[in-house]
Each structure stands twice: as structure tokens, then as C-alpha cells.
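S.K.: Below you'll find the structure I mean.
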Amino acid sequence: MRILTGKWKGEILWQLTQGTLRFGELRRAIPGITQHMLTTQLRDLEKHGLVKRTLYAEVPPRVEYELTRAAFDLRPVFEEIQRWSQTHAIMLHPAAAEAEPHDGLARPRRRRP
């Protein structure tokens, strides 16, 4: 379980269940994560065999990240966690009632002045 724990690993893996993503795409898909933290978490996930990193010899270099087969097998688990959170979000955290979906994840709405 240690290889899956951490503030951002679950979100990174969830985003990658949607398909292969470049670093910038992944960073934009996860609001609040810093470049340094994303790099650190991706390296750790790669080290543990959950994420595959592909570097293309282009200028500028293109790097893509995708789930390994072992990590992709976790997709039903993530889908069930998402279903559970949607069912129980209001009870667990009243502010979740004001959340709107974001690529399958809840994200607070911005309030207009």
C-alpha cells in the first residue's frame, strides 16, 4: 500500500487511467500540484513499476507518461472509489455539495464576486 499512498499519487494514477499524457497535460489536469511534486511523484511511481515514462528524441524533448499493466488493473478500484465519493460526498463534507465534476474528480466551484 505504501507505493500508492501520498497526497498526489491517487490523482496522478486516476488521470493516467484516461490515457497517455504529457507532463504539462498531467500538471494542468491536477490543480494545485507543483512541478517539483509532480516530478517527484512520477519518478516514485515509475520506480515502483506503476508508470511508464517514454522520452522521444525530439527538440524540444517530448516525454509521455502512461500506466503499466499492473497500474491499469487498479482502474476498477479507482472507479469504485469515485462512485463511493459521489454517493457520500455531501454527508462526508458539506462543501462537496457545491463541487462540480472535473475530469471525473470533484473540484470546488469558483465564486463570482
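The values are calculated or read from the model by the stated rules, or taken from the named source; none is laboratory data. The shown structure was predicted, so the numbers you read here are calculated from the model rather than taken from an experiment. Ideal geometry is used to build each Cβ from the backbone, glycine not excepted, and the neighbour counts take in all protein chains shown.
S.K.: What is the residue count in region 11-40 for residues that are closer than 20 Å to Ile81 by Cβ, out of contact with any strand residue (DSSP E or B) (no Cβ under 9 Å at 6 or more places or on another chain) and surrounded by 16 or more Cβ atoms within 10 Å (Cβ to Cβ)?
M.R.: 1
S.K.: Still on this structure, please answer the following. Among Gly32, Gly49, which is modelled with pLDDT of 80 or more and out of contact with any helix residue (DSSP H, G or I) (no Cβ under 7 Å at 6 or more places or on another chain)?
M.R.: Gly32
S.K.: For the structure I just gave you, tell me whether Thr34 is within 21 Å of Leu4 (Cβ to Cβ) and free of Cβ contacts under 8 Å to residues at least 40 places away in the same chain.
M.R.: Judged against the criteria, Thr34 is a match.
S.K.: In region 51-82, which residues are in contact (Cβ under 8 Å) with a residue 40 or more places away in the chain and among the aromatic types (Phe, Trp, Tyr)?
M.R.: Tyr65, Phe72, Phe78
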